[in-house]
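Enquirer: Okay, here's the structure, questions in a sec.
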Amino acid sequence: MSVRVGIQLYSVRQSMARDPYRTLERLAELGFRNFEGANHNADTDDGIGFGVPAKDLRATLDRLGMQVVGCHINPLDPQRLPAVLDYHRELGNSQIGCDIEFYPYDDLDYVLRRAEFFNQVGELCRQRGMRFYYHNHYQEFQLVAGRTVYDLIMQNTDPELVFVEMDTYWMMRGGQDPVEMIEKYRDRLVLLHQKDFPRDAPQPAVMFDGTVDRNSEITLKSFLETKDPLCFTEIGTGMMPIQAIVDAADKCPNFEYLLLEQDHTQLDELDSVKRSRDEFDRYAGISWQ
């Protein structure tokens, strides 16, 4: 087997905002065939977040030989989800996920309520023959009642309703070993996000090692204030154990795609993803198809 690789469109969000069709053409020219959307405007936009009608996008993807393999949806509004899911079914996309969640510090009841909400979203997806997945950052590795928020979510959601998209970069920055986490939740893993951490980064690899207090509340505001753009580098040029991650993912029974994602770059966005694609070619056991 080989691990199929694609791209998360958040990596080229500025280019997508300017000209989504031309950006998709450029990605196809670079050899990308699979992508995950990033819709941060799901309160008004049913699709991938850039105001692109489903019919036009489907025609573009068919022409380019591309496919949508997932999409982040924010907000996850149950009243909006039927229209969102219908859009994605029209595209041929069979799964959606959360993009980011924040949890009040040491509030077990809140975590359990969110877990039940994720079950409800998963059921809405299942009713349409689709799938819901949970995507992490580092704040899920704070402790509540002696367990990480992430483990609590996994333990209190139905594995038939809530699947996993692991962001290996943020797992590492939460103090976790990405390979061990892949193995721990191997049956629920369907997608991976792969970023990379520069060897000369201005912050320690683990956010809780002096950048963020593990025992205080992490909010969107504090998350953004401590997210240093210089702590991201083109994928394959940093220090993450990418080959070991690829090898571990390849053994997971329900795993589908590894998605390259870069939150920030010092290059032009499209030059950045080209560099990542070129670097990623040296890893064994991958496919761009």
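Enquirer: So which residues in the range 72-91 are in contact with a helix residue (DSSP H, G or I) (Cβ under 7 Å, 6 or more places away or on another chain) and within 19 Å of Tyr257 (Cβ to Cβ), if there are any at all?
Expert: Residues satisfying the conditions are Ile73, Leu91.
Enquirer: Of everything in the range 275-289, what is aliphatic (A, V, I, L, M) and open to solvent by less than 40 Å² (accessible area, probe 1.4 Å)? Give them in sequence order.
Expert: Scanning the range 275-289 gives a single hit, Ile286.
Enquirer: Scan the range 82-126 residue by residue and report those that are part of a helix (DSSP H, G or I) and aliphatic (A, V, I, L, M).
Expert: Hits for the range 82-126 are Ala83, Val84, Leu85, Leu91, Leu108, Val111, Leu112, Ala115, Val121, Leu124.
Enquirer: Pairs under 6 Å by beta carbon, first residue in contact (Cβ under 8 Å) with a residue 24 or more places away in the chain in the range 72-87, partner polar (S, T, N, Q) and crowded, with 17+ Cβ neighbours inside 10 Å, six or more apart or different chains?
Expert: Cβ pairs passing all conditions: Ile73/Asn39.
Enquirer: Now, a different point. Among Arg199, Arg173, which is the only one that is within 24 Å of Leu260 (Cα to Cα) and within 20 Å of the chain's Cα centre (by Cα)?
Expert: Just a single option satisfies the conditions, and that option is Arg173.
Enquirer: Looking at the range 12-47, which of its residues are of a type in the set (Asp, Glu) and free of Cβ contacts under 8 Å to residues at least 60 places away in the same chain?
Expert: Scanning the range 12-47 gives Asp19, Glu25, Glu29, Asp43, Asp45, Asp46.
Enquirer: Report yes if some residue within the range 259-269 is charged (D, E, K, R) and open to solvent by 30 Å² or more (accessible area, probe 1.4 Å); otherwise report no.
Expert: yes
Enquirer: Collect the residues in the range 157-172 that are within 14 Å of Lys184 (Cα to Cα) and either aromatic (Phe, Trp, Tyr) or out of contact with any helix residue (DSSP H, G or I) (no Cβ under 9 Å at 6 or more places or on another chain) (or both), keeping them in residue-number order.
Expert: Residues satisfying the conditions are Pro159, Phe163, Glu165.
Enquirer: Sticking with this structure for a sec: Counting only residues that are buried (at least 17 other Cβ atoms within 10 Å of the Cβ), in contact (Cβ under 8 Å) with a residue 24 or more places away in the chain and not charged (D, E, K, R), give me the helices (runs of 4 or more DSSP H) lying completely in the range 143-258 with at least 1 of them.
Expert: 149-155, 168-173, 178-184, 242-249
Enquirer: Which residues, taken from the range 127-142, are open to solvent by less than 10 Å² (accessible area, probe 1.4 Å) and part of a helix (DSSP H, G or I)?
Expert: Residues satisfying the conditions are Gln139, Glu140, Phe141.
The values are calculated or read from the model by the stated rules, or taken from the named source; none is laboratory data. It should be emphasised that the depicted structure is a prediction, and the values quoted were computed from it without experimental measurement. Glycine also receives a Cβ, built like all others from the backbone with ideal geometry; neighbour counts cover every protein chain displayed. Ligands, DNA and RNA are excluded from the accessible area calculation, which covers all protein heavy atoms including side chains. Shrake-Rupley method; radii C 1.70, N 1.55, O 1.52, S 1.80 Å.
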